[in-house]
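Report on the following structure.
The values are calculated or read from the model by the stated rules, or taken from the named source; none is laboratory data. Note that the structure is predicted; figures quoted are calculated from it, not measured. Cβ coordinates were reconstructed from backbone atoms using ideal geometry, including for glycine residues, and neighbour counts include every protein chain displayed.
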Amino acid sequence: MKAPLLDLEPIHSPIRDELRQAVLKVLDSNQYIGGPELENFEREISSYCGVNYSVGVSSGTDALLISLMALNIAPNDEVIVPSYTFFSTAGSVARLGAKPVFCDIDPTTFNIDLVKASKLISPNTKAIIPVHLFGQTVAMREISRIADDNGLYVIEDAAQAVGAQYTNRMAGSMGTFGCLSFFPSKNLGGIGDGGLVMTNDGELYELLLSLRQHGATERYYHNRIGGNFRMDAIQAAALRIKLRHLDEWTKTRRTNAAYYLDGLKDLEAQGYIQLPVEVPGNFHVYNQFVIRAANRDALQRYIGERGVGTAIYYPLPLHLQECFKSLGLKRGDLPESEKAAEETLALPIFPGLTNEQMSLVVEIVRQFYASV
Ligand SMILES: Cc1ncc(COP(=O)(O)O)c(C=O)c1O
């Protein structure tokens, strides 16, 4: 028996017929860009997340990029981002010629450290991007306070956190913009690339619509420069089907997390590992179940050889990436991000994982620490 990090088969097989029908309907409609599937999806996800408007786009990366474009982020502007996140959180800032200002993380949640973030604000700071990493929200009340006190925009990177909650408010619904990714491994994954920007502001919504379509307000009349950031109708159709199952998958992810939390708690008590912590008031959706582990690389090798799939999110924090060298940060500057990169390991958590597979994971992790 094996326990892969992710297997979409058990997730898709119960809904395969529904998915096929939805995709074939789009094929037969001959309308592949925009249209009713996209409009319905945007309405349905707005209602799910409790926001006024949603704009489906080509990827989570483009959701971040178009949000920054809508705020006119430009050279000389600074945007505060965590260093320990997926590349595009910072890449999208740099693509506009602006400066990503890397912030360290909280060692327990792996989310941006808000005390350190406040100290990075300068007269050039325009925005902050809190990333709800692994499926748990950043403390948005504090983010809003920092943003209000300093006149900053907030772009929530909720790529890994659709359905997560902060004091009963949905991830992505609390900032100026909220960005989702529908990369297939996400909790709401498409059958290809896709993303979405949410907002409660009607004017910003209109601006996003125009930026998604090369900055046009009317076909072939361009008030500004945008891009082709459109979502395909086929993605929207598949996502509409999958959205109906999201809550049940989230529930399973949480049940799976509870299984590991129980099965591995004594290893934590013995100091071998650190388990994920759900902050009171948060509703964690466990896009990833990430532990901090002593001898991480040896553990990964040992359990991998015995059939357990894992991944390291992320092996090199962004402030140490070659492409950001010119920003002048060096090893030692953001110690918690660097430590996380050396110690974290994601275990299989996807819905569809069987109890036998989870039992295998627990058993083999325990075996490893019994042998060291
Ligand atoms: C935190 C975070 N931000 C942004 C993205 C970018 O999303 P996409 O892969 O859809 O471009 C991802 C997904 O990989 C992510 O995990």
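Quick look at the numbers
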| item | result |
| --- | --- |
| Of all residues in segment 239-252 being touching a helix residue (DSSP H, G or I) at 6+ places or on another chain (Cβ under 8 Å) and in a helix (DSSP H, G or I), the one that is surrounded by the most Cβ atoms within 10 Å (Cβ to Cβ) | Leu239 |
| Subset of segment 37-86 [over 20 Å from the mean Cα position of the chain (by Cα) and without any contact (Cβ under 8 Å) to a residue 40 or more places away in the chain] | Glu39, Arg43, Asn72, Ala74, Pro75 |
| Any chance Ile191 is in a helix (DSSP H, G or I) and closer than 30 Å to Pro348 by Cα | no |
| Within segment 329-372, considering residues that are acidic (Asp, Glu) and in a helix (DSSP H, G or I), the one surrounded by the fewest Cβ atoms within 10 Å (Cβ to Cβ) | Glu356 |
| Selection from segment 276-301 of residues that are crowded, with 18+ Cβ neighbours inside 10 Å, more than 17 Å from Gln165 (Cβ to Cβ) and not polar (S, T, N, Q) | Phe289, Val290, Ile291, Arg292, Ala293, Arg296, Leu299 |
| Residues of segment 314-328 that turn out to be farther than 19 Å from Asp297 by Cβ and buried (at least 18 other Cβ atoms within 10 Å of the Cβ), as a count | 3 |
| Cβ pairs under 9 Å, 6+ apart, first in segment 265-276 and not assigned by TED's automatic domain parsing to the domain that holds Glu363, second hydroxyl-bearing (Ser, Thr, Tyr) and assigned to a loop (DSSP other than H, G, I, E, B) | none |
| The lone exception for Ala63 - which of (1) in contact with a helix residue (DSSP H, G or I) (Cβ under 6 Å, 6 or more places away or on another chain); (2) more than 15 Å from Leu318 (Cβ to Cβ); (3) among the aliphatic types (A, V, I, L, M) it fails | (1) |
| Identity of the residue in segment 184-203, surrounded by fewer than 19 Cβ atoms within 10 Å (Cβ to Cβ) and within 12 Å of the ligand (Cβ to nearest atom), that ends up nearest to the chain's Cα centre (by Cα) | Ser185 |
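Residues checked against (1) of a type in the set (Lys, Arg); (2) surrounded by fewer than 16 Cβ atoms within 10 Å (Cβ to Cβ); (3) closer than 26 Å to Gly202 by Cβ; (4) at pLDDT below 95:
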{"position": "Met1", "(1), (2), (3), (4)": "no, yes, no, yes"}
{"position": "Asn30", "(1), (2), (3), (4)": "no, yes, no, no"}
{"position": "Phe41", "(1), (2), (3), (4)": "no, no, yes, no"}
{"position": "Cys49", "(1), (2), (3), (4)": "no, no, yes, no"}
{"position": "Gly56", "(1), (2), (3), (4)": "no, no, yes, no"}
{"position": "Asn72", "(1), (2), (3), (4)": "no, yes, yes, no"}
{"position": "Thr85", "(1), (2), (3), (4)": "no, no, no, no"}
{"position": "Pro107", "(1), (2), (3), (4)": "no, yes, no, no"}
